[in-house]
Amino acid sequence: MDETGGKGEGGGKPVASGFSGVLLALLAGLFASVTLATIVGPVWISPLTVWKVALHEATGFLRPDWSAAEGQIVWQIRFPRVLLAAVVGAGLSVVGTALQAAVRNPLADPFVLGGSSGASVGAVLVIAGGVQFFGIYSLSVAAFVGASVAFVLVLALARSPGGHTSPLRLILAGVAASYALSAVTSFLVLRADDPEEVRSVLFWTLGSLGGARWEYLTLPSAALIGGTALLLAQSRSLNALLAGEETAVTLGVETDGFRRRLLILCGLLTGTMVAVSGTIGFVGLMVPHTVRLVVGADHRRVLPAAALSGAILLVWADVVARTAISPEEMPVGVVTSLAGAPFFLWLMRRKRGAFGGEGG
Amino acid sequence: MRLDVENIVWGADGRKILRGVSLEVGSGEVVGLIGPNGSGKTSLLRCVYKVLEPQAGLISLGEEDVLRSSVRRMARRTAVVPQETPGEFDFAVREIAAMGRSPHKGLFERETAEDREIVDDSLSRVGMLPFAERQFSTLSGGEKQKVLVARALAQKARLLVLDEPTNHLDVGHQLEVLGLVRGLGVSALAALHDLNLAALFCDRIYVLSGGEVFASGTPDEVLRPELIETVYGVASEVRIHPATGKPHVAFLPESLRPRPGPRPDGQEGERGARRSGGASP
């Protein structure tokens, strides 16, 4: 894409129009993916029915010419799940993008600052420890609280005596906290007497969208939309930060405060996503990089493209997770990692100039 | 725009790096900052562009109190060509240059035709417009430096601060980059390693040593063998070069040091004492 864009002489125009093409393609891809993912399952449903049901349920139009069971399957079972996959995939990708800029490290993902291990501790306390405060929402609440506590802890630990929060300190504090919290999780799991509990913990830590219902969609969707809008508004500062710590200051970014606000936003978003889906790995790491290879590093383009790509990716990963070994289900995190890693390596090898392969 | 630095003191971990440095850059003046490694050049520049906060002193740009103003406000007035270059993440050349516009833009503000014009113009002034769509990481060192100068130009600042802008550049690019800065007509403060380049391109030179201003003045006032001997501990010969009309420094290695005998003893001893004093800052 960059090669064709390079021929143009008229300012940033070729790249910009190329980008709207990319966005349109991704939007169409997401629409198609949601439709197809809703069709697929033990009972196959025609694409027309899918959207007729959706239209009927959402607006009350159309007289049902489908069976009640079909309506039930589409609206109560598959749609929430497919949409949740899209929202979580988008959320994790957006957070990954922002965190890679915040800590200026290509290895950063939504869980780099201890969010996943914190959430796991919370989840284990509910699953194996029998902690129940909020009824059916206990697991979600515990995961959110766990992730947030871990995040706050890491932020506090990373602060130097002078009050600065350097990227490296953040990453090191995150790694340390992750190890400590994982140890707590392992300990709690080993103490669990019921093997079924151990299984559910493992399943949860690998991520699953199996419990999706409409109620689970509201908060993550709101967080996704609000968070992405906030990040988009800050994309110039994100670009500056990615270009270098001092550079950002000389371009007018008050880096310490900006980074702290950014991390808090990312922490909240991560916690919200983890609460409804467990810790789904690799999406938040891989999608931002893949997207950058196509649209460049400018966040005004990376953020929307990453959100849409992440959504599509997780929708399909979840389709595989629930159909590959049906009637059993796989944790969706297994799918994203198994399929994602080779794809990512292939991409990295194909683009020789990327990731410090040349020049530098 | 006029820059005034008064009595800046800065240190870290109990070590004083800047011990009351004062300097000024007049409107449209190009001022060089020279001195050995560790003399405080970079720290001083960092204070000027607000990455470091001095413990004492005053910095003003025009009427503005730099230390009290916001980072964003200062970024509209001071542009920096730093030593660091964007690392792992790859931007296109145009995107790097366009970053210069960001201190002028609000949160949701879009890039206007005027912004694009400024960016294009900045790139063409450094001769990098044909490279606009290239990835920054694929450029050579000299090309990268020119793009960073273009970013500074796009910032439309009144003061340009450069930290070793000619590091890692070949002779051609060294002359080109400094010639560019010289031709802009804005005030510039540049830390330079190469004394001859400083002589060629600077109106005035400040010599930093041990966190203090050791000497200042026009290149031919400052660049004298005695001073170079004292500050750098290196023997040299300085001539006004017939072609440039500027002082030219030739450094003499140990083996070519002239006059082992004719010097009075006291001078020899003093030189030795100063050198050992400089070694432990």
Inset, instruction - Return a whole-number percent for the relative contact order of the stretch A:27-111, with Cα pairs under 8 Å and 6 or more residues apart as the contact set. - result: 20
Legend entry - Estimated distance in nm for a label pair at A:Phe343 and A:Leu190, the labels positioned 7 Å out from Cα along Cα-to-Cβ: 3.7
Legend entry - For B:Met99, B:Met1, A:Met273, B:Met128, order by how many other beta-carbon atoms lie within 10 Å, fewest first: B:Met1, B:Met128, B:Met99, A:Met273
Legend entry - Number of partner chain Cβ atoms within 10 Å, mean per residue of B:125-136: 3
Legend entry - Residues A:Ser221, B:Ser255, B:Ser137 arranged by fewest to most Cβ contacts within 10 Å: B:Ser255, A:Ser221, B:Ser137
Legend entry - Farthest toward positive dipole pole in the protein assembly as shown [+1 Lys/Arg, -1 Asp/Glu at C-beta], among A:Thr49, A:Ala37, B:Ala199: A:Thr49
Legend entry - Percentage of interatomic Cα-Cα distances in chain A larger than 31 Å: 37
Legend entry - Charge dipole (debye, nearest 20) of the stretch A:27-170; +1 at Cβ of Lys and Arg, -1 at Cβ of Asp and Glu: 320
Inset, instruction - Just list whichever of B:Lys16/B:Lys144; B:Lys146/B:Lys246; B:Lys50/B:Lys146 have alpha carbons separated by over 28 Å in the model shown. - result: B:Lys16/B:Lys144
Legend entry - Net charge of Cβ neighbours under 14 Å - reference A:Pro80; Lys, Arg +1; Asp, Glu -1: +1
Legend entry - Residue-averaged [θ]222 nm for chain A, counting only DSSP H segments that reach four residues, each worth -39500 (n - 2.57): -24000 deg cm²/dmol
Legend entry - Theoretical FRET efficiency, 1/(1+(r/R0)^6), r = Cβ-Cβ of A:Gln76 and B:Lys156, R0 56 Å, to 0.05: 0.45
Inset, instruction - Rounded to the nearest 10 degrees, what's the angle between the helix B:113-125 long axis and the longest principal axis of chain B, both from Cα atoms, 0 to 90? - result: 30
Legend entry - Within the stretch B:92-153: Cβ-based charge dipole about Cα centre, in debye rounded to nearest 20 (Lys, Arg +1; Asp, Glu -1): 220
Inset, instruction - Arrange A:Met348, B:Met74 by Cβ neighbour counts within 10 Å, fewest through most, would you? - result: A:Met348, B:Met74
Inset, instruction - Select from the stretch B:47-156 those GluC sites (Glu not before Pro) which occupy a DSSP coil region and have at most 11 other Cβ atoms within 10 Å, ordered by residue number. - result: B:Glu63
Inset, instruction - Normalising by the residue count of chain A, find the relative contact order in percent from Cα pairs under 8 Å and 6+ residues apart. - result: 26
Inset, instruction - Working from the alpha-carbon coordinates of the protein assembly as shown, get Rg over Rh, Rh being the Kirkwood radius. - result: 1.08
Inset, instruction - May I ask for the longest run of chain A untouched by GluC sites (Glu not before Pro) that are loop-located per DSSP and have at most 13 neighbouring C-beta atoms (other than their own) within 10 Å? - result: A:10-327
Legend entry - Proximal aspartates and glutamates to A:Lys52, defined as alpha-carbon separation beneath 17 angstrom and excluding residues fewer than eight positions away on the same chain: A:Asp65, A:Glu70
Inset, instruction - Set the Förster distance to 35 Å, then compute FRET efficiency between A:Ala180 and A:Glu215 from the Cβ-Cβ distance, nearest 0.05. - result: 0.60
Legend entry - Under the Karplus curve 6.51 cos²θ - 1.76 cosθ + 1.60, θ = phi - 60°, whole-Hz ³J(HN,Hα) for the stretch A:175-190, x wherever Gly or Pro sits: 4, 4, 4, 4, 4, 4, 5, 4, 4, 4, 4, 4, 4, 5, 5, 5
Inset, instruction - Please work out the FRET efficiency for the pair B:Asn167 and A:Phe31, using the Cβ-Cβ distance as r and a Förster radius of 45 Å; give the result to the nearest 0.05. - result: 0.30
Legend entry - Test item: Cα-centred dipole of the protein assembly as shown, Lys/Arg +1 and Asp/Glu -1 on Cβ, debye: 280
Inset, instruction - Note the per residue figure in Å³ for the convex hull of the C-alpha positions in the stretch B:92-153. - result: 76
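All of the numbers you see were taken from the coordinates with simple rules; none came from a lab. From a predicted model like this one, the values you see are computed outputs, not experimental measurements. When we count neighbours, we look across all protein chains shown, and the Cβ atoms used for this are built from the backbone with ideal geometry, even at glycine.
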